[in-house]
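A short worksheet on the structure shown next.
The values are calculated or read from the model by the stated rules, or taken from the named source; none is laboratory data. Everything numeric in this text was worked out from a predicted model, so none of it was measured. Methodologically, a virtual Cβ is constructed for each residue, glycine included, from the backbone with ideal geometry; neighbour enumeration extends over all protein chains shown. Calculation scope for accessible area: heavy atoms of the full protein, side chains included, ligands and nucleic acids excluded. Shrake-Rupley method; radii C 1.70, N 1.55, O 1.52, S 1.80 Å.
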Amino acid sequence: MAEVAHHNIPAVDMINATSRLQLEAAEVRSNKPNWGSYFRSKMIQEDDYTLVTSYENAKSKDERDQVIAANDANGQLAKTMANLITQVAKDQNVRYVLTLFDDMLQEDKSRVEIFHKAAHRQKRTAFSQYLGILQRQDNFIVNQMSSIIAKLACFGVTRMEGQDLQYYFSFLKEQLKNSTTNEYMNTTARCLQMMLRHDEYRHEFVVTDGVQTLVTALNGKTNFQLQYQLIFSVWCLTFNADIAKKTPSLGVITALGDILSESTKEKVIRIILASFVNILNKVEEREIKREAALQMVQCKTLKTLELMDAKKYDDPDLEDDVKFLTEELTLSVHDLSSYDEYYSEVRSGRLTWSPVHKSEKFWRENAAKFNDKQYEVVKILIKLLESSSDPLILCVASHDIGEYVRHYPRGKTVVEQQQGKAAVMRLLTAEDPNVRYHALLAVQKLMVHNWEYLGKQLDSDAQGDGVAAK
């Protein structure tokens with residue numbers, strides 16, 4: 001994990017970003033519960049009352065350490081925190097206990113092991129008794145508990161595993177999906193930052209579709225601080241070579257490239273470039289590395305790098321990243337064939353009227369390559385026809401299906417076998433007139449059997465129009 005910690009992107013950004021949770025916690029701390037009343041009413045036990053009041057009355061870290069030490073060997077500290085969280089009825093007081101707990105761990109990271117050891121003695125995990133709190137109705141309680149769980153999972157030597165880890169990541173992903181209604185998104189993102197700094201947690205996050213959830217959140221409306229936090233999580237993931245090589249196929253590069261082309265915030269720019277550098281450095285497979293570079297080029301990254309180079313940032317790490325990426329991406333462009341460019345564009349799913357689509361020479365030379373990898377390009381184009389709602393993508397995909405059929409003798413059969421003809425036919429009733437037009441042209445090409453004959457007819461018709469015009 002040292003590789004992340006030693007990079008010059010400051011870890012403090014992960015902890016100190018102002019969040020709604022932190023602002024509310026300041027108010028929560030000032031509302032101490034009346035523990036005496038709870039004790040007299042026998043709502044809490046004497047051991048719990050003695051410990052919590054002693055800890056509250058401690059004036060310094062040394063005094064708090066003494067209280068903790070006196071209640072560590074018998075597991076009383078862990079027991080008291082669990083009792084107060086689960087047995088105190090009022091949400092306001094549960095908020096207070098959780099904030100006290102969070103502050104306790106933040107003040108001294110080694111304290112997490114007290115809770116792990118206590119749980120081990122009970123033959124359970126420290127997480128198991130707290131994960132259920134994530135289902136409470138009070139959003140402050142839920143997010144403060146999430147913050148504590150992340151600290152328990154990251155601050156010590158004991159790691160979260162198995163069902164506990166799956167449950168927690170599932171919770172964080174649901175929070176990310178509710179980005180428009182989740183007022184504590186900065187806390188969710190901070191928990192992810194903490195977790196993904198540890199390689200042990202990255203694989204589980206990826207196999208449960210965590211990357212796709214991150215990409216979706218990044219493609220939504222986010223402020224720059226949240227953007228930075230989410231991209232920080234992506235950056236952490238790219239330190240793992242197995243994950244880095246999946247980024248081109250998961251939409252990571254495209255999402256980061258779009259943000260890079262529009263962002264003016266230096267720390268957002270820096271973390272994106274650092275992510276791109278990681279991807280190109282970690283991926284060893286030549287084809288995957290090349291595809292990653294091409295996606296970066298398609299996102300206009302070279303233009304951004306050119307503008308940044310002109311600004312001359314006073315940051316050696318940033319300058320190194322700009323230089324490295326400029327060299328790598330320039331090299332990939334020079335080594336780029338028209339089919340490589342087209343293939344990368346199709347794989348990205350973001351079709352535009354780039355020059356190759358209208359090039360007769362391109363189609364003559366490359367139509368047969370659409371059959372490679374079990375008709376991969378044809379299948380992607382048909383999938384776009386079936387799933388995209390973007391008129392531009394639908395127009396270009398329809399056009400390209402038609403051109404493939406026109407230039408590859410068995411193209412019509414291949415497209416029909418892959419259900420492409422039905423996909424094009426459905427677009428004949430599309431709302432957008434341009435989509436209808438290109439779908440109609442594609443259908444016409446699918447219906448024609450003798451392209452040489454049609455070509456002569458078109459030439460004849462054109463000459464006839466010319467005579468009439470005279």
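Among all lysine pairs in region 238-315 that are eight or more places apart or on different chains, how many have alpha carbons less than 21 angstrom apart?
Going through region 238-315 pair by pair, I get 20.
Residue farthest toward the positive end of the dipole of the chain, with Cβ of Lys/Arg at +1 and Asp/Glu at -1: which of Val112, Leu384, Thr330?
The one lying farthest along the dipole's positive direction is Leu384.
Dipole of the chain (Lys/Arg Cβ +1, Asp/Glu Cβ -1, origin at the Cα centre): which of Pro248, Gln163, Ala69 lies farthest to the positive side?
Of the options given, the answer is Gln163.
For the chain, with the dipole built from +1 on Lys and Arg beta-carbon atoms and -1 on Asp and Glu ones, taken about the Cα centre, which of Gln227, Thr180, Thr264 lies farthest toward the positive end?
Thr180
Over the chain, what is the relative contact order in percent, taking alpha-carbon pairs closer than 8 angstrom and at least six residues apart?
Once normalised by length, the contact order is 9 percent.
Mind checking the dipole of the chain: about its Cα centre, +1 per Lys or Arg Cβ, -1 per Asp or Glu Cβ, Debye to the nearest 20?
1040
Can you give me the distance in nm between label points at Asp103 and Lys61, each placed 7 Å from the Cα along the Cα-to-Cβ direction?
1.5
At R0 = 35 Å, how high is the FRET efficiency between Glu266 and Asn219 if r is their beta carbon distance? Nearest 0.05 is fine.
In this case the efficiency is close to 0.95.
Relative to the longest principal Cα axis of the chain, at what angle does helix 20-29 sit, 0 to 90 degrees, rounded to 10?
It works out to around 10 degrees.
Hey, could you grab the Kirkwood Rh for region 11-155? Inverse mean 1/r over distinct alpha carbon pairs, Å, one decimal.
About 15.7 Å for region 11-155.
Just to confirm the filter: which trypsin sites (Lys or Arg not before Pro) across region 265-299 are DSSP coil and have at most 16 other Cβ within 10 angstrom of their Cβ?
In loop regions of region 265-299 (DSSP not H, G, I, E or B), the sparsely surrounded trypsin sites (Lys or Arg not before Pro) are Lys265.
Using a probe radius of 1.4 Å on heavy atoms only, what accessible surface per residue do you get for the chain? Whole Å² is fine.
49
What accessible area, in Å² to the nearest ten, does a 1.4 Å probe give for Met185?
For Met185, the solvent-accessible surface is approximately 10 Å².
To the nearest 20 debye, what charge dipole does region 19-155 have about its Cα centre, counting +1 at the Cβ of each Lys and Arg and -1 at the Cβ of each Asp and Glu?
With Lys and Arg at +1 and Asp and Glu at -1, about 360 debye.
Order Lys32, Lys245 by their accessible area, 1.4 angstrom probe, all chains in place, largest first.
If we order Lys32, Lys245 from most to least accessible, we get Lys32, Lys245.
At a 1.4 Å probe radius, carbon and sulfur cover how many percent of the accessible area of the chain?
Accessible surface attributable to carbon and sulfur in the chain totals 49 percent.
Per 10 Å bin, what is the whole-percent P(r) computed from every C-alpha pair distance within the chain?
Pairs per bin, as whole percents: 4, 17, 22, 19, 15, 11, 7, 4, 2, 1, 0.
Using the Cα centre as the reference, give the magnitude of the dipole from point charges on the C-beta atoms of region 346-454 (Lys, Arg: +1; Asp, Glu: -1; all else neutral), rounded to the nearest 20 debye.
That gives a dipole near 200 debye.
What are the ³J(HN,Hα) values, in whole Hz, obtained from phi via the Karplus relation 6.51 cos²θ - 1.76 cosθ + 1.60 with θ = phi - 60°, for each residue of region 151-162 in sequence order, with x given for Gly and Pro?
These are the phi-based 3J(HN,Hα) values: 5, 4, 7, 10, 6, x, 9, 7, 10, 6, 9, x Hz.
How much accessible area does Glu376 have with a 1.4 Å probe, in Å² rounded to the nearest 10?
Answer for Glu376: close to 40 Å² accessible.
For region 362-368, just list the computed ³J(HN,Hα) in residue order, Karplus coefficients 6.51, -1.76 and 1.60, θ = phi - 60°, integers in Hz, with x standing in for Gly and Pro.
4, 5, 4, 7, 10, 4, 5
Can you sort Ser275, Ser54 by solvent-accessible area, 1.4 Å probe, largest first?
If we order Ser275, Ser54 from most to least accessible, we get Ser54, Ser275.
Against the longest alpha carbon principal axis of the chain, how many degrees, from 0 to 90 and to the nearest 10, is the axis of helix 91-107 turned?
Helix 91-107 sits roughly 90 degrees off the main axis of the chain.
Between Leu331 and Leu23, how high is the FRET efficiency from 1/(1 + (r/R0)^6) when r is the Cβ-Cβ distance and R₀ = 60 Å? Nearest 0.05.
According to the calculation, E is roughly 0.80.
Explain nothing, just compute: Karplus ³J(HN,Hα) = 6.51 cos²θ - 1.76 cosθ + 1.60, θ = phi - 60°, for every residue of region 220-232 in order, whole Hz, x for Gly and Pro.
Result, ordered by residue: x, 7, 9, 6, 5, 5, 5, 3, 4, 5, 5, 5, 4 Hz.
Let me know the volume per residue of the alpha-carbon convex hull for region 346-454, in Å³.
Cα-based convex hull of region 346-454, divided per residue, equals 93 Å³.
Gain in length, Tyr339 to Arg426, computed as 0.36 nm per residue apart minus the alpha-carbon separation, to one decimal in nm?
Value of the extension gain: 28.5 nm.
Counting other Cβ atoms within 10 Å, keep those with at most 15, restrict to DSSP loop, and tell me which trypsin sites (Lys or Arg not before Pro) in region 31-68 are left.
When the trypsin sites (Lys or Arg not before Pro) of region 31-68 are filtered for loop state and at most 15 Cβ neighbours within 10 Å, Lys42, Lys59 remain.
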